[in-house]
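Below: the structure, in structure tokens.
The values are calculated or read from the model by the stated rules, or taken from the named source; none is laboratory data. What you see is a predicted model, and the numbers here were worked out from it, not measured in a lab. Note that each Cβ is placed from the backbone with ideal geometry, even for glycine, and that neighbours are counted across all protein chains shown. For the accessible areas, the whole protein counts, side chains as well, though only heavy atoms, and no ligand, DNA or RNA atoms are used. Shrake-Rupley method; radii C 1.70, N 1.55, O 1.52, S 1.80 Å.
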Amino acid sequence: MIDTIVVLDTETTGTDPAAGAALLEIAWVPRELAEDRSWGWGHADYAMIRHDGPIPPEARAVHHIRPEDVAAGAEGCEEREATLGQILQAETDELIYAAHNAAFDSAFLPELAPRMTICTYRCARHIWPEAPAYGNQVLRYWLGVEPPPALLVGLAPHRALYDAAVTAAVTATGP
């Protein structure tokens, strides 16, 4: 039985890893099944991923991650393998991953792709066909849901932890 859904989000240098786009940031927000069958909040976290190449202005305009944020030695910046190792080490048979555009995030996280079984974007289109749109922030405000404020301190939309927290809040809302 699934008892943990880890909502993931990534920020990248572009849209296609096959064309050289790289992972810059990853965040994870666990939703854990409580004894009363409600979904509680687990320990959320994020990591900047070391990147030595350019970050195109189109990508920076979305997430505002600067080259110095992901340079060797930057605070909170880790090697990709170390971060993914930490995430994989926490896996259990009762855990699955979710993302608001699971195909996109899975392309940058192939190690996690076999367990990335929930695409919240696709779910939202089926659950709320009357929604005005299906972007994270639209769903957030349309549904009137908020993630725990402590998760959002110092962050802005289109940063990985902020977006993962919003997705996790939306997933707790039913029709």
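Listed values, structure above:
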quantity	calculated
Matching entry among ALA61, ALA103, ALA74, ALA82 (being among the small types (Gly, Ala, Ser) and in a loop (DSSP other than H, G, I, E, B))	ALA74
Odd one out for GLU91 among (1) open to solvent by less than 50 Å² (accessible area, probe 1.4 Å); (2) under 23 Å from ALA34 (Cα atoms); (3) touching a residue at least 24 places away in the same chain (Cβ under 8 Å)	(1)
Contacts under 6 angstrom Cβ, first residue in the stretch 43-54 being in contact (Cβ under 8 Å) with a residue 24 or more places away in the chain and on the phi < 0 side of the Ramachandran plot, partner among the charged types (D, E, K, R) and not in a strand (DSSP E or B), 6 or more apart	MET48/ASP69; ILE49/ARG80; ARG50/GLU79
Residues of the stretch 139-166 that turn out to be among the aliphatic types (A, V, I, L, M), open to solvent by 60 Å² or more (accessible area, probe 1.4 Å) and in a helix (DSSP H, G or I), as a count	1
From the options ALA133, ALA169, ALA124, residue that is at pLDDT 95 or above, among the small types (Gly, Ala, Ser) and either closer than 21 Å to GLU32 by Cβ or assigned to a helix (DSSP H, G or I) (or both)	ALA124
Options ARG80, ARG140, ARG125, ARG115: the member that is among the basic types (Lys, Arg) and within 19 Å of TRP41 (Cα to Cα)	ARG140
Single residue of ASP9, ASP3 found to be crowded, with 17+ Cβ neighbours inside 10 Å and under 24 Å from VAL166 (Cα atoms)	ASP9
Residue match in the stretch 38-52 (condition: open to solvent by less than 80 Å² (accessible area, probe 1.4 Å), part of a loop (DSSP other than H, G, I, E, B) and modelled with pLDDT of 95 or more)	yes
Subset of the stretch 67-85 [of a type in the set (Gly, Ala, Ser) and either over 23 Å from PRO57 (Cβ atoms) or open to solvent by 30 Å² or more (accessible area, probe 1.4 Å) (or both)]	ALA71, ALA72, GLY73, GLY76, ALA82, GLY85
